[in-house]
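Visitor: Please see the structure below; I have some questions.
Each reported figure results from applying straightforward, stated rules to the coordinates on display, with no laboratory input. In this text the structure is predicted, and so the values were computed from the model without any measurement. No Cβ is skipped: glycine too gets one built from the backbone with ideal geometry, and neighbour counts run over all protein chains shown.
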Amino acid sequence: MPNSKSAKKELRKSNKNKVRNQKVKANIKKLVKNSRKAIEAKDEKAKELVDQTLKAIDKAAQKGIMKDNTRNRKKSRLHQSLNKAFAASSAKTSA
């Protein structure tokens, strides 16, 4: 339990930031999950969902909620799965 006035304020601030960061992380998890489902289903909305997810990931990294390497890894894996799914489907239609 903090004793000084400034320590009490820091505790309040850290709790507020913790809640905010958890919401952002949960939102990113939800977006990634929905994007992966759309990619697997080869849905037309997959590209839009992926763009929305990448934007959220970039914002989180910019605000320090997520580290840069984590951001890059998540973005790369999402892009790879999107490109792989739609490259396979476009190759089938053109063949």
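Visitor: Arrange the following residues from fewest to most other Cβ atoms within 10 Å of their Cβ: Met66, Met1.
Guide: On the way: Met66 20, Met1 5.
Listed from fewest to most nearby Cβ atoms, that is Met1, Met66.
Visitor: Now, a different point. Could you tell me how many cubic angstrom of Cα convex hull volume the stretch 16-94 has per residue? Numbers along the way, then the final one.
Guide: Working: hull volume 5.6 nm³, N = 79.
Spelled out: Cα convex hull of the stretch 16-94, divided by residues, is 71 Å³.
Visitor: Using just the helices of the chain, give the 222 nm mean residue ellipticity in deg cm²/dmol: DSSP H runs with n ≥ 4 each add -39,500 (n - 2.57), and the total is spread over all residues, rounded to 500.
Guide: Working: 3 runs with 80 residues, N = 95.
Using -39500 (n - 2.57) per qualifying helix, the result is -30000 deg cm²/dmol.
Visitor: Please state the relative contact order of the chain as a whole percent: Cα pairs under 8 Å, 6+ residues apart? If you can, show how the numbers build up before the last one.
Guide: On the way: 46 pairs, mean separation 23.4, N = 95.
Taking the mean separation of contacting Cα pairs over the length of the chain, I get 25 percent.
Visitor: For Lys25 and Asn69, compute 0.36 nm times the residue count separating them, minus their Cα-Cα distance, and round to one decimal in nm. Show your work: numbers first, answer last.
Guide: Values: separation 44, 0.36 × 44 = 15.84 nm, distance 1.55 nm.
Roughly 14.3 nm would be gained on extension.
Visitor: To make sure I understand the rule: partners must be lysines, Cα under 17 Å from the Cα of Lys74, and not fewer than 8 residues away in the same chain. Which ones qualify?
Guide: The reachable lysines, counting only those whose Cα sits under 17 Å from Lys74, are Lys25, Lys29, Lys30, Lys33, Lys37, Lys47, Lys55, Lys59, Lys63, Lys84.
Visitor: List the aspartates and glutamates whose Cα lies under 15 Å from the Cα of Lys75, skipping any in the same chain that are fewer than 8 positions away.
Guide: Glu48, Asp51, Asp58
Visitor: Hey, another quick one. Which helices count as membrane-span-like in the chain under these terms: full DSSP H, at least 15 Å along the axis by C-alpha, Kyte-Doolittle mean of -1.0 or more? Walk me through the numbers before you get to the answer.
Guide: Values: long enough: 5-40 (53 Å, -1.56); 46-62 (24 Å, -0.38); 68-94 (38 Å, -1.39).
Correct list, ordered by number: 46-62.
Visitor: Let me ask something else about it. Report the full-extension gain for the segment Asn17 to Lys5: residue separation times 0.36 nm, less the Cα-Cα distance, to one decimal in nm. Could the numbers behind the result be given before it?
Guide: Working: separation 12, 0.36 × 12 = 4.32 nm, distance 1.86 nm.
So the chain would gain 2.5 nm between Asn17 and Lys5.
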